[in-house]
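Trainee: I am attaching a structure below and will ask some questions about it afterwards.
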Amino acid sequence: MLPTHRYCQPLSTFEMFQALSIDESTIEYQQSAWERFKNNINCQLNNVNTLNLSLIIRELFYNNIIRSCGLFAHRIIRVQIASPFYTPVYAALASVINRMLSKIGELTAKHLISSFRRTYQENDKTNCLATTTFIGHFVNQNI
């Protein structure tokens, strides 16, 4: 049985108008924009598969993934640990993004090695195995 991904609900019209009515220089606007951005990255990573990989990559670049490379690196590792069945797809996504922006691929690899060290020291076998598998796919993808 294939693991199911979570459905992310798009913004309603009220939320869109509410976001437009706030002054862009305020802290509240910046916080709400960051939360929307974070949720958008989570939704895209949760919905990625082999069929929509190029569409997800375009969406990530449209939403300015350069601005949040650390968030992307952290979330792709967390999503991969949550659904190890899609590890090759997440590695392919990271590989394509690495070819365009090597900084993000390098940061993801550093986060992944750090996650492996932490799970190994904590003796967390399931997460350690998942991160080891992801590292193996990173090596196969030449990241």
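Trainee: Two-decimal Rg/Rh of segment 90-143 from alpha-carbon positions, Kirkwood Rh?
Mentor: Details: Rg = 11.3 Å, Rh = 11.2 Å.
For segment 90-143, the value is 1.01.
Trainee: Apply the Kirkwood formula to segment 13-140: the hydrodynamic radius equals the inverse of the mean of 1/r over all pairs of different alpha-carbon atoms; give it in Å with one decimal.
Mentor: Numbers: mean 1/r = 0.0638 Å⁻¹.
Mean inverse Cα-Cα distance, inverted, gives 15.7 Å.
Since every read-out is calculated from the coordinates, none of them should be taken as a lab result. For clarity, every value in this text was computed on a predicted model and none was experimentally measured.
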